[in-house]
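Remarks on the structure that follows.
The values are calculated or read from the model by the stated rules, or taken from the named source; none is laboratory data. Fair warning: this is a prediction, and the values are worked out from it, not measured in the lab. Here Cβ is always computed from backbone atoms with ideal geometry, including for glycine, and neighbour counts include all displayed protein chains.
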Amino acid sequence: MKHTNKNDQNNSQTSSNKLSLDSSTEHLISVSQSEQRLTTGIHLPVLVTEVLSYLNPQKGESYLDLTAGYGGHATKILERTLQPQEAVLVDRDHNAIDALKQRFAGDRVELIHDDFASAAGRLLNQGRQFDIILADLGVSSPHLDSASRGFSVRLDGPLDMRMDQTQSLTAADIVNTYSAGELADLIRRFGEEPRANRIARLIEAHRPITTTAQLAHIVAKAWPGHSKQHPAVRTFQALRIAVNDELGILSRALPLWIRLLAPGGRLAVISFHSLEDRLVKQALQAEAGDRYDAQLQLLTKQPVMAGDIELVSNPRARSAKLRAAVKIKKKGE
């Protein structure tokens with residue numbers, strides 16, 4: 001199958017648009033309950049045009065969405081495949097699964113409540129393969145906009161950050177029980193935070209810490225002055241990655257996704273920070289190239305990013321990076 005993508009001309013396009021956030025913690029977290037209600041529950045899928053271009057859904061094709069969330073991408077893809085009974089939608093968040101049940105009620109879509117590595121392993125054991133596979137690794141807007149989930153640096157809520165609320169480990173457990181050395185290592189590795197040691201010592205000195213507002217205020221002390229983004233963003237990212245074992249699960253899942261691709265099948269992965277993107281890039285490149293045993297042909301030499309028009313309506317797309325590949329058809333397949 002030959003794939004022609006107009007987006008190749010814009011693969012290296014990046015945007016200098018940044019959300020300008022006041023570094024004052026009190027200003028950032030003083031969101032009224034009415035404002036929270038207005039922003040909660042709306043999720044705009046990122047890079048929809050690009051996803052449809054690279055995955056090129058065709059009528060009758062099977063589809064696996066490993067991070068289905070609230071069904072934004074899935075809806076667009078199923079409008080083209082017209083085969084909901086050949087679709088499997090996966091998410092580890094029970095709120096997302098409940099929303100998917102409502103959105104696709106009566107469509108015979110298969111839903112799996114699990115992380116995308118475990119779900120992929122289960123599907124492989126069943127001998128399943130798919131023509132289209134998508135994984136959007138970003139945190140959904142309902143997560144960020146719901147104070148009770150504890151993901152947002154700008155809303156005050158419990159230090160939770162669990163994608164799967166049935167698991168026991170929370171951000172509060174890490175913040176209040178890890179040694180300063182362990183915290184510094186975690187914040188440095190997963191948040192790429194240059195002041196990780198200082199932040200870890202501040203956290204240790206202010207325990208117990210139970211809310212996102214407390215933590216954001218403490219971390220801000222390591223970064224006096226003003227900046228374009230809140231100084232606690234990198235620390236929050238690090239904690240979220242650790243709580244949900246995001247990089248570990250992704251490392252285990254990527255080889256499984258490639259095996260789940262049918263001959264000629266297309267895989268697209270959207271990442272939101274350099275640690276994820278590096279893993280995706282390495283996994284795809286390891287199975288591609290001009291050699292006899294290559295399984296993949298890369299559709300994107302560089303990550304595809306959102307254009308200016310999308311960033312106006314969906315600023316959270318500014319850090320999204322899409323990479324895609326197609327499963328090579330072997331003789332006789």
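Brief remarks on what is shown
- Among all residues of the stretch 97-105, there is at least one that is surrounded by 19 or more Cβ atoms within 10 Å (Cβ to Cβ) and in a loop (DSSP other than H, G, I, E, B).
- Residue match in the stretch 131-139 (condition: closer than 20 Å to A325 by Cα and assigned to a helix (DSSP H, G or I)): no
- Residues being exposed (fewer than 13 other Cβ atoms within 10 Å of the Cβ) and either in contact with a Leu (Cβ under 8 Å, 6 or more places away or on another chain) or not in a loop (DSSP other than H, G, I, E, B) (or both) - total across the stretch 280-302: 1
- G150 vs. criteria more than 19 Å from I249 (Cα to Cα), crowded, with 21+ Cβ neighbours inside 10 Å and small (G, A, S): yes
- Residue count for the stretch 119-155, restricted to those that are among the acidic types (D, E) and modelled with pLDDT under 95: 1
- Residues in the stretch 60-95 that are more than 14 Å from the chain's Cα centre (by Cα) and part of a helix (DSSP H, G or I): 13 in all.
- Of all residues in the stretch 168-190, those that are in contact (Cβ under 8 Å) with a residue 24 or more places away in the chain have Cβ atoms under 9 Å from Cβ atoms of residues that are assigned to a helix (DSSP H, G or I) and hydroxyl-bearing (S, T, Y), 6 or more apart or on another chain, in A171/T212; I187/T235.
- For Q165, the conditions (1) more than 19 Å from the chain's Cα centre (by Cα); (2) over 24 Å from A320 (Cα atoms); (3) outside the structural domain of L64 (by TED's automatic domain parsing) are fulfilled apart from (1).
- Some residue of the stretch 264-274 being surrounded by fewer than 22 Cβ atoms within 10 Å (Cβ to Cβ) and aliphatic (A, V, I, L, M): no
- From the list R266, R252, R259, the one residue that fits, being farther than 16 Å from D114 by Cα, in the same structural domain as Q295 (by TED's automatic domain parsing) and not in a strand (DSSP E or B), is R259.
- Condition check for Q36: at pLDDT below 95 and among the polar types (S, T, N, Q): yes
- So A222, is it over 28 Å from D93 (Cβ atoms), assigned to a loop (DSSP other than H, G, I, E, B) and in contact with a helix residue (DSSP H, G or I) (Cβ under 6 Å, 6 or more places away or on another chain): yes
- Scanning the stretch 106-118 turns up no residue that is surrounded by fewer than 23 Cβ atoms within 10 Å (Cβ to Cβ), touching a Phe, Trp or Tyr at 6+ places or on another chain (Cβ under 6 Å) and not in a loop (DSSP other than H, G, I, E, B).
- Test result for Q297, in contact (Cβ under 8 Å) with a residue 12 or more places away in the chain and over 21 Å from the mean Cα position of the chain (by Cα): yes
- Pair list, Cβ < 8 Å and 6+ apart or interchain, from the stretch 271-287 residues that are under 14 Å from S319 (Cα atoms) to residues that are of a type in the set (K, R): S271/K321; S271/R323; F272/K321; D277/K321; D277/R323
- Top-ranked residue in the stretch 269-279 [being among the hydrophobic types (A, V, I, L, M, F, W, C) and in a helix (DSSP H, G or I); ranked as nearest to K327 (Cα to Cα)]: L279
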